[in-house]
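Here the structure comes first, spelled out in structure tokens, and everything after it is commentary.
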Amino acid sequence: MPQCIDGVQPPLGFIAPAYSAWLLKVVHRILPILLRVRLSPWLPAGITQIQVTNGRVLAEFYQQFQQGNLRFLMAFRHVEVDDPLCGLYLLSRAVPKAARQQRIQLRTPLHTHFLYERGMPLWAGTWLGWALSHLGGIPIRRGRQPDWSGLRQARQMLSQGLWPMTVAPEGATNGHSERVGPLEMGTAQLAFWCAEDLAKAGRSESVYIIPINIQYRYVKPAWSRLGRLLARLERDSGLPADVSHSAVSEKIIYQRIMRLGDHLLSKMATFYSRFYHQKQLSFQFDADAQSACLTRLQALLQAALQVGEQYFGISAHGNLAERCRRLEEAGWTYIYRDDLPDRSTLSPLDRGLADWVAQEASLRMLHMRLVETFVAVTETYLKEKPSFERCAETTFLMFDMLARLRGDKHPCRPRLAARRATLTIGEPISVTERWPMYQTNRRAGRQAVMDLTQELQQALEQMIT
């Protein structure tokens, strides 16, 4: 059954950065092993090739940073959970190599401050929070508006820290190697805050954002393995086998993905209509046309979010990602209670009621998790190019959904084949040049943040190949 919190938990405290040089050294040394197996029992697995384009840009900027001439943020695409490993390779191997080739003198090791989502240690374990903090990471609660503890720390590190800052402007993984999700405006806001802090301190450093794109490709497409994974998902979802699809090809895999997706949509629509009284789904899911798939999916995602929002009593405004973040924060306030004394001092009645609320909140949050899995899905992404990579990405999203419904605590995606990663360093975007407009007045400042966010979005999209 789906995972449920056992009972009320202590408040979520802020995990302060506590950089440890020895831990970074260890991580750099074992990185090749992590890239190959990524701590996964599924083989063949991992990233066997990493190609970096325009690495000299970062080498030059790190040199200027170390000389005190500028501050900068690296804005990474966030495709999947392997991205941080690729980022570690970039700074520990690729940039020092580019520096040597360009005869640029750098102090090593190269590192970065970075933001991470506060919920990561909740599902991965407290060890991850310890590791991230000792690597210089700063936790952010995405649903808390604003999370002043994390933002103040990030703002200070950006203008005064030992290294540049790394952020994921998409806010979360989107599961699509060839599509950029909508960017949050926090990256641009942090950059302007840095320019403001430097100006107040009378410092002359320039501020830049460097867009960095990450894409993954399979070294050799493994259609047969993908077919077996689909067969497993078809069995798990109760979909009868289609004997006409005994062969494996790009066209057949695409048809099976659409068939499985249609089946899952219909199942979930019935589930929400019958048990959560979302009657608006009944007419949305009668159509057979594949062209209606996106409309059906969007209707289902809206219904799932409404179930959670109605329970927590929060309004349904903003895009799907923003609504997911608010639901997550609402659930955390019911589970990680900062309005209660120590749990051991609660009476049996109060403890029982608090546990009840926490357990129910964790189940209600599952509706949000399902939406979170598919928030970046579009009908055209797979239809316009049913490549092996896009077919695999779409299949993995359905795998994630079924894993959540089965209640897998740590679902591990099967590794279909070895992959190569391409990291492209984009042209730096000057924040300093936009600073005069930002400081004019509040309205101009908001517009400057929006314009910078849009420019960053376009820069990341143009790097996709």
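The values are calculated or read from the model by the stated rules, or taken from the named source; none is laboratory data. The structure presented is a predicted model; accordingly, all values stated were derived computationally and were not measured. Cβ atoms come from the backbone with ideal geometry, glycine included; neighbour counts cover every protein chain shown. Heads up: the accessible areas ignore ligands, DNA and RNA and are worked out on the full protein's heavy atoms, side chains in. Shrake-Rupley method; radii C 1.70, N 1.55, O 1.52, S 1.80 Å.
Scanning the stretch 308-323 for residues that are under 16 Å from Leu363 (Cα atoms) and either in contact with a Lys or Arg (Cβ under 6 Å, 6 or more places away or on another chain) or modelled with pLDDT under 90 (or both) turns up Gly308, Tyr311.
Contact map, the stretch 112-137: first residue outside the structural domain of Leu85 (by the TED database), second residue not in a helix (DSSP H, G or I) and not polar (S, T, N, Q), Cβ cut-off under 7 Å, separation 6 or more or different chains; the map is empty.
For the condition of a type in the set (Lys, Arg), at pLDDT 90 or above and open to solvent by 30 Å² or more (accessible area, probe 1.4 Å), Arg36 does not qualify.
Quickly run through the stretch 281-307 and pick out the residues that are outside any helix (DSSP H, G or I) and either modelled with pLDDT of 90 or more or surrounded by 14 or more Cβ atoms within 10 Å (Cβ to Cβ) (or both).
Result: Phe285, single match.
Of all residues in the stretch 428-462, which are charged (D, E, K, R) and touching a strand residue (DSSP E or B) at 6+ places or on another chain (Cβ under 8 Å)? Within the stretch 428-462, just Glu455 meets the criteria.
Could you check, for the stretch 40-48, whether at least one of its residues is closer than 21 Å to Ala168 by Cα, at pLDDT below 95, surrounded by fewer than 19 Cβ atoms within 10 Å (Cβ to Cβ) and of a type in the set (Phe, Trp, Tyr)? No, the stretch 40-48 contains no residue that is closer than 21 Å to Ala168 by Cα, at pLDDT below 95, surrounded by fewer than 19 Cβ atoms within 10 Å (Cβ to Cβ) and of a type in the set (Phe, Trp, Tyr). If you filter the stretch 69-88 down to residues that are open to solvent by 40 Å² or more (accessible area, probe 1.4 Å) and at pLDDT below 95, you find that the one that is nearest to Ile50 (Cα to Cα) is Pro84.
Do we find that Lys267 is open to solvent by 40 Å² or more (accessible area, probe 1.4 Å), in the same structural domain as Arg390 (by the TED database), basic (Lys, Arg) and modelled with pLDDT under 90 in this structure?
Numbers: open to solvent by 40 Å² or more (accessible area, probe 1.4 Å): yes; in the same structural domain as Arg390 (by the TED database): yes; basic (Lys, Arg): yes; modelled with pLDDT under 90: no.
Here the answer is no, as Lys267 does not meet what is asked.
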